[in-house]
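Report on the following structure.
The values are calculated or read from the model by the stated rules, or taken from the named source; none is laboratory data. Since the model is a prediction, treat every value here as computed from it, not as a measurement. Virtual Cβ from ideal backbone geometry, glycine too; neighbours counted across all protein chains shown. For the accessible areas, the whole protein counts, side chains as well, though only heavy atoms, and no ligand, DNA or RNA atoms are used. Shrake-Rupley method; radii C 1.70, N 1.55, O 1.52, S 1.80 Å.
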Amino acid sequence: MYDALTTRYTFPCPERGEARVALSSFRRLEQLPGPTQPAVFEVEFGCACGHEHPGLLAHDELDWAPLGLGGDATFVNLMTASVDLVEAELADLAARRIQAGEWPWSFFCYAEERPRPVFPSSFLVLAGRGEEVGLAVRCPACGSVSVNLVSAEHLDLPFHNDREVGVVAHVFASDAERAVEEFVAELYSASFDSRRLTLQ
């Protein structure tokens, strides 16, 4: 379902048969009730056909597959003239970067006033605006919801963290879903005003 080389998820599309979308094309993510090993997420994504469609993802496909973990894809290693597994190469690279203190995804938690590492399973709502994406994230440390404005690459490419992100200066309460809906409407309007904060 996820191709680590193209950084695209594959979902069914009722009009085209198949849609290959980046993480930045997701619109909503919600963990479904039921089993947690692995957890299952319902996603809504913007398709190239012009509509939004629902899809399902297991936790490992959402959080771990973008790091190259899992799957049986292969590539021709020109250094050794052999066919190697993509997983072995990308997993080693991801482990070295995490050991060096880098994290595949990050966001700025407004309640704690600091950048935090995060996985896509913490995302709630995404709303695209050109090359920028509004992202509502539930902080895994404090549980509050923060809204950041990031580049599409910040989401689509693991370990590509923007140097600056826009942050909505607001602590969202328990009615975060309603507040996020209001944010999405504001994001598409011309009145969106954000401050820039450094992540590194």
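Within region 68-80, is even one residue crowded, with 17+ Cβ neighbours inside 10 Å and within 22 Å of Gly128 (Cα to Cα)?
No, there is no match, as no residue in region 68-80 is crowded, with 17+ Cβ neighbours inside 10 Å and within 22 Å of Gly128 (Cα to Cα).
List pairs: first residue in region 91-118 and without any contact (Cβ under 8 Å) to a residue 24 or more places away in the chain, second residue not in a loop (DSSP other than H, G, I, E, B) anywhere in the structure, Cβ distance under 7 angstrom, at least six positions apart or on different chains.
Pro117/Ser106; Val118/Ser106; Val118/Phe107; Val118/Val137
What residue, among those in region 1-31 that are closer than 20 Å to Val150 by Cα and of a type in the set (D, E, K, R), is least open to solvent (accessible area, probe 1.4 Å)?
Arg27
So which pairs qualify, if the first residue must be in region 53-70 and at positive phi, the second must be of a type in the set (Phe, Trp, Tyr), the Cβ gap must be under 7 Å, and the two must be at least 6 apart or on different chains?
The qualifying pairs are Gly70/Trp64.
If I filter region 32-41 for residues that are exposed (fewer than 13 other Cβ atoms within 10 Å of the Cβ) and either within 20 Å of Asn161 (Cα to Cα) or of a type in the set (Val, Ile, Thr) (or both), do I get at least one hit? So that I can check it myself, show each step before the final result.
Kept after step one, since they are exposed (fewer than 13 other Cβ atoms within 10 Å of the Cβ), are these residues of region 32-41: 32-37.
Next, only the ones that are either within 20 Å of Asn161 (Cα to Cα) or of a type in the set (Val, Ile, Thr) (or both) stay: 36.
Yes: region 32-41 contains one or more residues that are exposed (fewer than 13 other Cβ atoms within 10 Å of the Cβ) and either within 20 Å of Asn161 (Cα to Cα) or of a type in the set (Val, Ile, Thr) (or both).
Would you be able to tell me the number of residues in region 20-46 that are farther than 12 Å from Pro120 by Cβ and touching a Gly at 6+ places or on another chain (Cβ under 9 Å)?
Residues in region 20-46 being farther than 12 Å from Pro120 by Cβ and touching a Gly at 6+ places or on another chain (Cβ under 9 Å): 8 in total.
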